[in-house]
1. At Val144 and Asp45, where each label point lies 7 Å from the Cα along Cα→Cβ, what is the point-to-point distance in nanometres?
2. So what's the net charge close to Glu24: Lys and Arg +1, Asp and Glu -1, counting the other residues with Cβ under 11 Å from its Cβ?
3. My understanding is that a pair violates if its Cα-Cα distance is over 25 Å; which of Lys124/Lys150; Lys58/Lys105; Lys104/Lys166; Lys42/Lys155 do that in this structure?
4. Let me check I've understood the local charge: for Lys156, count other residues with C-beta under 10 angstrom from its C-beta, Lys and Arg +1, Asp and Glu -1. What total comes out?
5. Bin width 10 Å, alpha-carbon pairs only: give the P(r) of the chain as whole percents, running from 0 to the bin holding the largest distance.
6. Would you mind finding the longest exposed-site-free stretch of the chain, with exposed GluC sites (Glu not before Pro) meaning DSSP loop and at most 13 other Cβ atoms within 10 Å?
7. Can you give the net charge of the other residues whose Cβ lies under 14 Å from the Cβ of Asp45, counting K and R as +1 and D and E as -1?
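Here, each number is a calculation from the coordinates, and none is a lab measurement. All values reported here derive from a predicted model rather than from experimental measurement. Cβ placement follows ideal geometry from the backbone for every residue including glycine, while neighbour counts extend to all protein chains displayed.
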Amino acid sequence: MKLKIDHNIELVPISLEYAGDIYESFDEEIIRFLPIDIPPQKIEDTIAFINHSIEQMKNETDLVWVILKDDNFTGCCGIHTLPSRQPHFGLWIRREQQGQGIGKKVVQYVLNWAITNLDVEYIKYPVDKHNIKSLRLIKELNLVLSDVYKMGNIKKLEVEEYRLYKR
Ligand SMILES: CC(C)(COP(=O)(O)OP(=O)(O)OC[C@H]1O[C@@H](n2cnc3c(N)ncnc32)[C@H](O)[C@@H]1OP(=O)(O)O)[C@@H](O)C(=O)NCCC(=O)NCCS
């Protein structure tokens, strides 16, 4: 399903149409604080990720969107493991379009939309404690810091898990 965030930012379900854009943008810098050790080395890896996401959407396990600004590819976001009723939200914005307030609008809109519209207890926002930009996105949302843990094999993330509870 599509979500319209404001007059020029829109979320559309991920599809193979965006494979090239995703492959080009999802680089070392973007994954610095994500639980991924190396970015895709060939476009087939990105295509496999998109096909897996489409499958997960059919299974109603995940919601995965492409973020568009003025109809142009700007990043990705998703809500994962819905059947647990404690799903987590994640996003990334392509480097050229960071710092314009897009990430903040997406996080605020999607978390509020999801807590209102999905059958969940709470939504997790797991973030590495050094990911200052990502922490800034949730500053005004009054999320609850509910857990801290380490994640990853090669790359070790120091995760702070914030949660938005259903009221
Ligand atoms: C985190 C991320 C999504 C932010 O997206 P964005 O569109 O650039 O974010 P915004 O422009 O909405 O806002 C970023 C906030 O960080 C601040 N910021 C920007 N650059 C910064 C920097 N170098 N140091 C500190 N703060 C910075 C901005 O001022 C803003 O805060 P403010 O609104 O309180 O002033 C983006 O940097 C990204 O995709 N990172 C890589 C993937 C990632 O880490 N995802 C999050 C996983 S939890």
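1. That separation, rounded to one decimal, is 3.8 nm.
2. On the way: positive: Arg94, Arg95; negative: Asp21, Asp27, Glu96.
Its environment carries a net charge of -1.
3. Values: Lys124/Lys150 15 Å; Lys58/Lys105 27 Å; Lys104/Lys166 20 Å; Lys42/Lys155 21 Å.
Result: Lys58/Lys105 exceed 25 Å.
4. Numbers: positive: Lys150, Lys155; negative: Asp128, Glu158.
Charge balance in the 10 Å sphere: 0.
5. Computed distribution, short to long bins: 10, 39, 42, 10, 0.
6. The answer is 61-120.
7. Charge balance in the 14 Å sphere: -3.
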